[in-house]
Amino acid sequence: MTPGSERPAASRLMVAGNWKMNTTVEEGVALARAVATTVSTAARVDVAVLPPFTHLWAVHAALQGSDVRLGAQDVYWKDSGAFTGEISAAMLAGWCDLTLVGHSERRHIFGERDDEVGRKFVASLAHGLGVILAVGETSDERDEGNTFDVVDRQLDAVFAELAGPPAVDAWVIAYEPVWAIGTGRTATPEQAQEVVAHIKQHVRSRFPDGSPRVLYGGSVTAANAASLFAQADIDGALVGGVSLRAEEFGVIVAAAEAAAGSRGAA
Ligand code: PGA
C-alpha cells in the first residue's frame, strides 16, 4: 500500500498527448510516427495521442504496428443524425481506442455542461471505446476553497448517467486545474496529489470495487513530470503543449516508465 492511499498505486501509468487544434494532417502523421519511435521501449506505460478529428484515420494507419493508442479529443453522444459538425462514438468504434471528454476548453470555451460530458462518457463506453474524463477547478474556484466540491460535482454528473460501474480499465480520470492548462503554471506535486487522492476517494465511495487511474494535466513538461509521478496517487499525465514535441514527450513517457518500475518493485 502506498501512503495516503487505500489501495496500491497503479503500477501501469498512462501518458496521453492532447494535440488540441494543432498540426496539419501531414505534420500530425509525422508527429505520430516520431512519437511511436520515441516511446517504443516503454513497456509499463500506456501511451496515447489525441490528434484533431481530421487526422485520426491517417494517424491510425501511421500507428499500425506500434503500441501507441489513438484517441479523439471529443465525441458526440448520439450515434448519427442531423448534428452538423459532430462526430459520434459509433464512427470511432473499432479503430480508435479512446475519447477525451470534459476537457476544460470544451467546458469553458464551448459551454459544455456537466450532464453533456456524462452523455459523451456513456456513449464512448457503450461503443467499446476507452474514455479519459477531465475534471478540474478554475483559479477562482480554488481561491474560494471549492476545488473538491467542483471536481465532485463534475464526477457526480457523469455518474448520474451511468447504469452501473464502468470496467476499471475502460476509463481514466484526468485532474486538470484550469489555471494550470497552457499557462506554464503547473500545480505543485503536492497540490496535484491532494486533489488526485480526493478524486480517488470520491470515486471509491461510489464504486468500492475499483477506481480508475487518475492522471494529472496542466503544464506538464519533461522537467516536472518525474516529481509529479513520484506522488503516491498520480498515475500519469495528460499533456498538451509538450505533446507536440516528440522528443520532450518521450522524456515524459520515460519518467512514467521509471515511476512504474519503482511502483512495481515497491
Ligand atoms: P498543457 O495542456 O499541457 O498545454 O497545459 C494540458 C491539457 O489541456 O490537457
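A few comments on the model shown:
- Selection count, region 127-144, where residues are open to solvent by 60 Å² or more (accessible area, probe 1.4 Å) and closer than 17 Å to Gln191 by Cα: 3
- Verdict on Ile199 being of a type outside the set (Asp, Glu), in contact (Cβ under 8 Å) with a residue 60 or more places away in the chain, in contact with a Gly (Cβ under 9 Å, 6 or more places away or on another chain) and surrounded by 21 or more Cβ atoms within 10 Å (Cβ to Cβ): no
- Meets criteria (in contact (Cβ under 8 Å) with a residue 60 or more places away in the chain and not hydrophobic (A, V, I, L, M, F, W, C)) for Glu105: yes
- Helices (runs of 4 or more DSSP H) completely within region 101-220 that count 2 or more residues being over 16 Å from the mean Cα position of the chain (by Cα): 114-126, 139-143, 147-159, 189-206
- Filter result (away from the ligand (no atom under 11 Å from the Cβ), among the hydrophobic types (A, V, I, L, M, F, W, C) and touching an Asp or Glu at 6+ places or on another chain (Cβ under 6 Å)) within region 206-244: Val214, Ala222
- Flag if Asp233 is of a type in the set (D, E, K, R), over 17 Å from Leu50 (Cβ atoms) and buried (at least 24 other Cβ atoms within 10 Å of the Cβ): yes
- Test result for Ala187, closer than 20 Å to Ala16 by Cα, open to solvent by less than 50 Å² (accessible area, probe 1.4 Å) and without any contact (Cβ under 8 Å) to a residue 40 or more places away in the chain: yes
- If you go through region 67-100 and keep only what is open to solvent by 60 Å² or more (accessible area, probe 1.4 Å) and either in a strand (DSSP E or B) or of a type in the set (Asp, Glu) (or both), you end up with Asp67, Arg69, Asp79, Glu86, Asp97.
- Within region 8-33, being modelled with pLDDT under 95 and either within 23 Å of Leu98 (Cβ to Cβ) or of a type in the set (A, V, I, L, M) (or both) holds for Ala9, Ala10, Ser11, Arg12.
- Just so you know, in region 245-254 the residues that are farther than 15 Å from Trp19 by Cα and open to solvent by 10 Å² or more (accessible area, probe 1.4 Å) include one that is farthest from the ligand (Cβ to nearest atom), and it is Ala254.
- Some residue of region 210-224 being open to solvent by 50 Å² or more (accessible area, probe 1.4 Å) and either in contact with a helix residue (DSSP H, G or I) (Cβ under 6 Å, 6 or more places away or on another chain) or in contact (Cβ under 8 Å) with a residue 12 or more places away in the chain (or both): no
- Any hit, region 148-164, residues being closer than 17 Å to Met14 by Cβ and either of a type in the set (A, V, I, L, M, F, W, C) or buried (at least 18 other Cβ atoms within 10 Å of the Cβ) (or both): no
The values are calculated or read from the model by the stated rules, or taken from the named source; none is laboratory data. For clarity, every value in this text was computed on a predicted model and none was experimentally measured. Note that each Cβ is placed from the backbone with ideal geometry, even for glycine, and that neighbours are counted across all protein chains shown. We work out accessible area using only protein heavy atoms, side chains counted, and drop any ligands, DNA or RNA first. Shrake-Rupley method; radii C 1.70, N 1.55, O 1.52, S 1.80 Å.
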